[in-house]
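Trainee: Dumping the structure here so I can ask a few things about it.
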Amino acid sequence: MMPATQQELPRQVRLVEVGPRDGLQNEQQPISVDDKVRLVDELTAAGLGYIEAGSFVSPRWVPQMAGSAEVFARISRKSGVTYAALTPNLQGLEAALAAGVEEVAVFAAASEAFSQKNINCSISESLARFAPVLEAAQTRNIRVRGYVSCVLGCPYQGEVKATEVATVARELHAMGCYEISLGDTIGTGTPGRTRQLIETVSQHVPRERLAGHYHDTYGQALANIYASLLEGVAVFDSSVAGLGGCPYAAGASGNVASEDVVYMLNGLGITTGIDLDMLIAAGQRISQLLGRSNGSRVARALSSS
């Protein structure tokens with residue numbers, strides 16, 4: 001494989017900020033609507049163009065997302081910024097639309113074992129459940145983003161074949177998802193495997209319709225993002241202060257920190273439109289509120305200098 005040159009990297013990258021949803025959904029301590037609204041507003045002010053601000057799921061399963069409708073009602077929306085929500089079923093979609101959500105997401109797994117543990121059904125059954133969500137969204141001109149989890153490994157079955165990931169991604173794309181986010185749920189992926197994955201999936205879904213969602217459990221997230229850039233992927237999910245994880249994947253640390261991604265992209269001369277200082281300030285505040293150290297190495301380094 002020939003080494004890529006700087007000119008082959010995308011000139012612009014879009015970050016999908018998942019901190020207010022994926023980052024907070026597993027927190028044990030209560031987080032007020034006021035604090036969630038402030039976080040979203042600070043991320044907006046920092047220049048994030050896409051913010052996943054909540055999730056319309058049963059509060060019995062994800063208590064931290066119980067106030068999502070109020071969050072969407074109170075955030076200070078900025079023109080040109082997408083405020084999205086996770087909607088796993090038709091009831092969730094209806095609630096999201098009533099709250100003024102502009103874009104929604106659905107979530108499938110590339111691992112049969114993970115799908116059974118996560119939502120108690122097979123992959124094919126989960127896709128069938130999403131069909132009415134996608135149909136209803138299309139009739140109302142609401143865009144739907146698709147997530148695929150366990151693309152580079154599963155906590156229950158171990159290896160997940162790239163062809164299995166490609167099958168799920170192809171189905172979601174065919175059902176109407178305009179973009180497919182490939183999630184390394186347990187963070188075991190490495191750059192070589194990441195490039196091979198994208199090469200395989202891109203035979204079924206165009207690269208410009210793919211995004212990367214990398215957890216940093218093994219310290220590989222930034223390397224995997226760079227590998228994805230070399231493969232022509234220009235959209236990445238990240239979480240302010242590295243918040244988040246997966247309740248169904250024991251030991252899986254948070255998403256890659258948005259601050260660290262922006263710092264790397266700035267160094268590569270790639271445009272994001274994000275103010276790093278303001279992003280760091282938002283991460284510091286939410287970390288202090290949660291009583292934990294900031295998961296961003298860049299934030300820790302710059303804040304101590």
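Where a number appears in this text, it was derived from the coordinates with a stated rule and is not lab data. The structure presented is a predicted model; accordingly, all values stated were derived computationally and were not measured. We place every Cβ from the backbone using ideal geometry, glycine too, and count neighbours over all the protein chains shown.
Trainee: Need one number: nm distance between label points at Gln12 and Ala281, each 7 Å from Cα along Cα→Cβ, rounded to one decimal.
Mentor: Rounded to a tenth, the inter-label distance reads 2.6 nm.
Trainee: Can you list the lysines whose alpha carbon is less than 23 Å from that of Lys117, not counting same-chain residues fewer than 8 positions off?
Mentor: Straight-line reach from Lys117, under 23 Å: Lys161.
Trainee: For Gln91 and Arg77, compute 0.36 nm times the residue count separating them, minus their Cα-Cα distance, and round to one decimal in nm. Could the numbers behind the result be given before it?
Mentor: On the way: separation 14, 0.36 × 14 = 5.04 nm, distance 2.42 nm.
2.6 nm is the gain from fully extending Gln91 to Arg77.
Trainee: Work through the residues other than Ser55 whose Cβ is under 9 Å from its Cβ and net out their charges, Lys, Arg +1 and Asp, Glu -1. Write out the running numbers ahead of the final one.
Mentor: Numbers: positive: Arg21; negative: Asp22, Glu52.
Residues close to Ser55 contribute a combined charge of -1.
Trainee: Using label points projected 7 Å from each Cα along Cα→Cβ, tell me how many nm separate Ala131 and Ser304, to one decimal.
Mentor: 5.5
Trainee: Pop out the Kirkwood hydrodynamic radius of the range 63-143 from its pairwise C-alpha distances, inverse of mean 1/r, in Å to one decimal.
Mentor: Numbers: mean 1/r = 0.0725 Å⁻¹.
Over the range 63-143, the inverse of the mean reciprocal pair distance is 13.8 Å.
Trainee: Run the simple label-point estimate for Thr163 and Val33 please: 7 Å along Cα→C-beta, distance reported in nm.
Mentor: 5.1
Trainee: Under 27 Å Cα to Cα from Lys36, which lysines show up? Leave out anything in the same chain fewer than 8 places away.
Mentor: Cross-link targets: Lys78.
Trainee: How large is the helix-only mean residue ellipticity at 222 nm for the chain, computed as the sum of -39500 (n - 2.57) over DSSP H runs with n ≥ 4, divided by its residue count, in deg cm²/dmol to the nearest 500? Present the calculation step by step, with values, prior to reporting the outcome.
Mentor: Details: 11 runs with 122 residues, N = 305.
Computed ellipticity for the chain at 222 nm equals -12000 deg cm²/dmol.
Trainee: What is the packing order of peptides 79-87, 27-35, 200-208, taking the mean over residues of other C-beta atoms within 10 Å and listing the highest first?
Mentor: On the way: 79-87: 19.6, 27-35: 12.6, 200-208: 16.9.
In decreasing order of mean packing, 79-87, 27-35, 200-208 become 79-87, 200-208, 27-35.
Trainee: Something else about it: Need the full-extension length gain, Arg60 to Gln203, defined as separation in residues times 0.36 nm minus the C-alpha distance. One decimal, nm. It would help to have the intermediate numbers written out before the result.
Mentor: Numbers: separation 143, 0.36 × 143 = 51.48 nm, distance 3.93 nm.
Between Arg60 and Gln203, full extension yields 47.5 nm more.
Trainee: In square nanometres, what is one fourth of the surface area of the convex hull spanned by the alpha carbons of the range 1-137? Spell out each step's value before the answer.
Mentor: Details: hull surface 45.1 nm².
The Cα convex hull of the range 1-137, projected and averaged over all directions, gives 11.3 nm².
Trainee: Additional query: Which whole-percent values make up P(r) of the chain when all C-alpha to C-alpha distances are grouped in 20 Å steps starting at zero?
Mentor: 36, 61, 3
Trainee: Taking the Cα centre of the chain as origin and charging only Cβ (+1 Lys, Arg; -1 Asp, Glu), how large is the dipole, in debye to the nearest 20?
Mentor: On the way: 24 positive and 30 negative charges, 14 e Å.
Roughly 60 debye for the chain.
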